[in-house]
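Nothing in this text is a laboratory measurement; each read-out follows from the coordinates by a stated rule. Owing to the predicted nature of the structure, the values given are computational and were not obtained by experimental measurement. Because the Cβ atoms are built from the backbone with ideal geometry, glycine has one as well, and the counts that use them run over all protein chains shown.
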Amino acid sequence: MPLLDVNDIKLFYEDEGTGPGLLFLHGWATSGRVWGAQLPEFVRTHRVVTLDWRGCGRSDHPAHGNTLDGVLDDLVAVIDRLGLDRPTVVGSSIGGTFATELAVCHPELISAAVAVDGPAHWPSTGMPLEQLRRDLRQDRAGTIAGWVPHWFAPGAEPALIDWTVRQMLDSGVYIDEQFDAFLTYDPRPVLPGLMVPIHYIHGSLDTQIPVAVAHECAAVTPGSAVTEIPGVGHMPHQEDPDAFNAALRKFLS
C-alpha cells in the first residue's frame with residue numbers, strides 16, 4: 001500500500017500515468033476513492049495523484065493537525081516528495097478550499113486550481129456549522145446518515161449514497177476540527193490577486209453549496225469561469241462522471 005511519510009503521519013496515495021500533473025483532493029470525511037470514475041479518463045494523458053488527506057480513508061487519523069493549515073502543510077510536502085511539477089489541483093467540496101488556498105499561499109507550486117462544488121464563504125455565511133458539530137458529537141452515525149442523502153440530486157443511486165456514508169463513518173472524529181476555520185472563512189477578498197487560474201465546476205442542483213457561491217467567487221477571480229453540470233448535486237464527478245470529465249478536460253485543454 002503506497003504510503004508517504006509527511007509531518008509525522010502516513011498518507012495514502014495513488015500515482016498513475018505520465019504527463020502533466022493532476023492532484024485530486026476529496027471532500028470532508030470521504031477518500032480518494034471518490035475519483036474512481038476520473039482515473040481511467042485522465043491517466044491516459046496525465047500523471048494523476050489521488051490522496052487521502054489526514055484523518056480520512058486509508059491515511060493516518062491523528063488527533064492533532066486536522067486544520068486547514070495542517071492539511072496545507074501536508075499538501076506542500078506531498079507535492080515536494082512526489083516531485084509533482086506544478087500540478088493542476090482538483091478539489092471536491094472542502095478539497096476545493098484546499099486547492100484555492102494552495103493557489104493563494106503557494107502559487108509557485110501549482111499551475112491551476114479547480115474547485116468542485118467548493119464551499120468558499122458559504123459555511124461562514126449560510127451553514128449552521130455549530131449545530132452540525134453538536135449533532136456529530138451526540139449522534140455521529142445518525143447525523144451523517146441523515147445528511148449525506150441531501151448531497152445528491154433526486155434519483156441518485158442508493159448504493160452511492162450508502163457507500164459515501166460508510167466512507168464518512170470510517171474517517172476519524174478529529175476531522176471535525178476542520179470546521180473551526182470555516183466559521184469565519186471567506187476567500188473573496190484575496191481572489192482578485194491570484195497569480196494562478198481557478199475554474200469552478202458545480203452541480204446545478206447542489207443544496208449544500210448553492211451554485212451562486214461559485215458564480216460569486218468567479219466574478220472576483222481574474223480569468224475565471226463556472227461550468228455548471230446540470231441535474232446533479234454536490235458530487236458531480238460521481239453523479240454524472242461523463243459530463244464532469246468533459247468539463248475538466250475542456251478546462252485542461
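Kindly state, to the nearest 0.05, the FRET efficiency for residue 180 paired with residue 253, given R0 = 35 Å and r defined as their beta-carbon distance.
After rounding to 0.05, the efficiency reads 0.35.
State the Kirkwood hydrodynamic radius of segment 49-143 in Å, one decimal place, computed from all pairs of distinct Cα atoms.
Result for segment 49-143 stands at 14.7 Å.
Find how many whole Å separate the alpha carbon centroid of segment 149-195 from the alpha carbon centroid of segment 117-134.
The two parts, judged by their Cα centres, are 9 Å apart.
Give me the number: length gained by fully extending residue 140 to residue 225, i.e. 0.36 nm times residue separation minus the C-alpha to C-alpha distance, one decimal in nm.
Gain on stretching residue 140 to residue 225: 27.0 nm.
How do 168, 127, 195 line up, fewest other C-beta atoms within 10 Å first?
By the 10 Å Cβ count, ascending: 195, 127, 168.
For segment 36-97, evaluate the Debye formula with one uniform point scatterer on each Cα (no solvent term) and list log10 I(q)/I(0) at q = 0.27, 0.28 Å⁻¹, rounded to two decimals.
Log10 I(q)/I(0), no solvent term: -1.39, -1.42.
So for the pair residue 111, residue 127, with labels modelled 7 Å out along Cα→Cβ, what separation do we get in nm?
Distance between the two pseudo-spin positions: 3.0 nm.
Report the paramagnetic label zone for residue 37: residues of segment 225-253 whose backbone N is under 18 Å from a point 7 Å from Cα along the Cα-to-Cβ axis.
227-251
Could you pull out the GluC sites (Glu not before Pro) across segment 63-160 that fall in loop regions by DSSP (anything but H, G, I, E, B) with no more than 13 other Cβ atoms inside 10 Å?
Sites meeting the loop and neighbour criteria: 108.
Report the normalised scattering of the chain as log10 I(q)/I(0) at q = 0.17 Å⁻¹, calculated by the Debye formula with identical scatterers on the alpha carbons.
One equal scatterer on each Cα of the chain leads to -1.44.
What FRET efficiency comes out for residue 85 versus residue 150 if R0 is 41 angstrom and r is the Cβ-Cβ distance? Round to the nearest 0.05.
Step by step, r from the Cβ atoms, then E = 0.60.
Compute the FRET efficiency between residue 73 and residue 160 as 1/(1 + (r/R0)^6), taking r as their Cβ-Cβ distance and R0 = 41 Å, and round to the nearest 0.05.
0.80
Students often get this wrong: which residues of segment 54-78 have the backbone nitrogen under 15 Å from the point 7 angstrom along Cα-to-C-beta of residue 7?
Correct set: 54-56, 59-78.
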